[in-house]
């Protein structure tokens, strides 16, 4: 079963607007990561937030983590047409051993209209 | 791109035939993973490897086997392909790049169609 579930499944915005995607998960985690996938390509790592962190920034990306609610959000500010992609959260479950297995959600398809 | 290549990139095969997909990395990473991606399911882990000849099952391992005889190569085999195995297959490695840890880096994918 999927550990992470993104919400919404699809999001369409205009260039310059902010985009917010949410991820909920079920079990305790070591860290949560966000990945991006352009159509027809492999996934690209965006940002990692550890279970003891609440917020992290990287360029136009802001990630928050609420372990009490088992949820995370990814905010992309001042979106660009080039941000059009699918975005996935992935969790590294606590107690999952040392093999660094990630469990991915089903993704949010973001479309940024010029 | 962490030096990951996958071959073939596209393959069409018939039900019942064996298929082997190859993942090759050039940077001596210990951990390698095979995922499949299907609409409505996201990415699901098939098998993973934590060293030469050390492999284990993931979430959707039925119908798949893997081998890792060299650090750089991780092979995924469908012994007898079925239409339900039509999917896009991604290989990934775990690496600590640019100051991050516990992240995975993905290959370009193999699109497999089983008729």
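Given (1) within 13 Å of another protein chain (Cβ to nearest Cβ); (2) at pLDDT 95 or above; (3) farther than 27 Å from residue B:57 by Cα, identify the lone condition not met by residue A:21.
The single condition residue A:21 does not satisfy is (1).
Run down A:61, A:32 and say which single residue is away from every other protein chain (no Cβ under 11 Å), within 23 Å of residue B:43 (Cβ to Cβ) and in contact (Cβ under 8 Å) with a residue 12 or more places away in the chain.
Details: A:32 fails: away from every other protein chain (no Cβ under 11 Å).
Being away from every other protein chain (no Cβ under 11 Å), within 23 Å of residue B:43 (Cβ to Cβ) and in contact (Cβ under 8 Å) with a residue 12 or more places away in the chain holds for just one of A:61, A:32, which is A:61.
Within the stretch A:2-18, can you find the residues that are outside any strand (DSSP E or B) and more than 8 Å from chain B (Cβ to nearest Cβ)? Give the steps one after another, and end with the answer.
First, the residues of the stretch A:2-18 that are outside any strand (DSSP E or B): A:2-3, A:8-9, A:15-18.
Of everything in the stretch A:2-18, those that are outside any strand (DSSP E or B) and more than 8 Å from chain B (Cβ to nearest Cβ) turn out to be A:3, A:8, A:9, A:15, A:16, A:17, A:18.
Rundown of residues vs (1) surrounded by fewer than 14 Cβ atoms within 10 Å (Cβ to Cβ); (2) farther than 23 Å from residue B:37 by Cβ, yes/no style:
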| position | (1), (2) |
| --- | --- |
| A:11 | no, no |
| A:16 | yes, yes |
| A:28 | yes, yes |
| A:47 | no, no |
| A:62 | no, yes |
| A:65 | no, yes |
| A:75 | no, yes |
| A:83 | no, no |
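So which residues in the stretch B:26-43 are more than 7 Å from chain A (Cβ to nearest Cβ) and either in contact with a strand residue (DSSP E or B) (Cβ under 6 Å, 6 or more places away or on another chain) or in contact (Cβ under 8 Å) with a residue 40 or more places away in the chain (or both), if there are any at all? Before the answer, list the steps.
Within the stretch B:26-43, the first condition is being more than 7 Å from chain A (Cβ to nearest Cβ), and the residues that meet it are B:26-30, B:32-39.
Within the stretch B:26-43, B:26, B:27, B:28, B:29, B:30, B:32, B:33, B:34, B:35, B:36, B:37, B:38 meet the criteria.
So that you can scan it fast, the table gives a plain yes or no per residue for (1) surrounded by fewer than 18 Cβ atoms within 10 Å (Cβ to Cβ); (2) at pLDDT 95 or above; (3) in a strand (DSSP E or B):
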| residue | (1), (2), (3) |
| --- | --- |
| A:57 | yes, yes, yes |
| A:72 | no, yes, yes |
| A:86 | no, yes, yes |
| A:90 | no, no, yes |
| A:96 | yes, no, no |
| A:106 | no, no, no |
| A:112 | no, yes, yes |
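I need every pair where a residue in the stretch B:84-112 that is within 7 Å of chain A (Cβ to nearest Cβ) and more than 20 Å from residue A:32 (Cβ to Cβ) has its Cβ under 8 Å from the Cβ of a residue that is modelled with pLDDT of 95 or more and in a loop (DSSP other than H, G, I, E, B), sequence separation at least 6 or different chains.
From residues that are within 7 Å of chain A (Cβ to nearest Cβ) and more than 20 Å from residue A:32 (Cβ to Cβ), the pairs are B:108/B:9; B:109/B:9.
What number goes with the only condition from (1) within 21 Å of residue A:114 (Cα to Cα); (2) outside any strand (DSSP E or B) that residue A:36 does not pass?
Going through the list (1) within 21 Å of residue A:114 (Cα to Cα); (2) outside any strand (DSSP E or B), residue A:36 breaks only (2).
State the number of residues belonging to the stretch B:8-25 that are within 14 Å of chain A (Cβ to nearest Cβ), under 19 Å from residue B:93 (Cα atoms) and surrounded by fewer than 16 Cβ atoms within 10 Å (Cβ to Cβ).
Number of matching residues: 1.
The values are calculated or read from the model by the stated rules, or taken from the named source; none is laboratory data. Keep in mind that this is a model prediction, so the values were computed, not measured. All Cβ positions, even for glycine, are placed from backbone atoms using ideal geometry, and neighbour counts span all protein chains on display.
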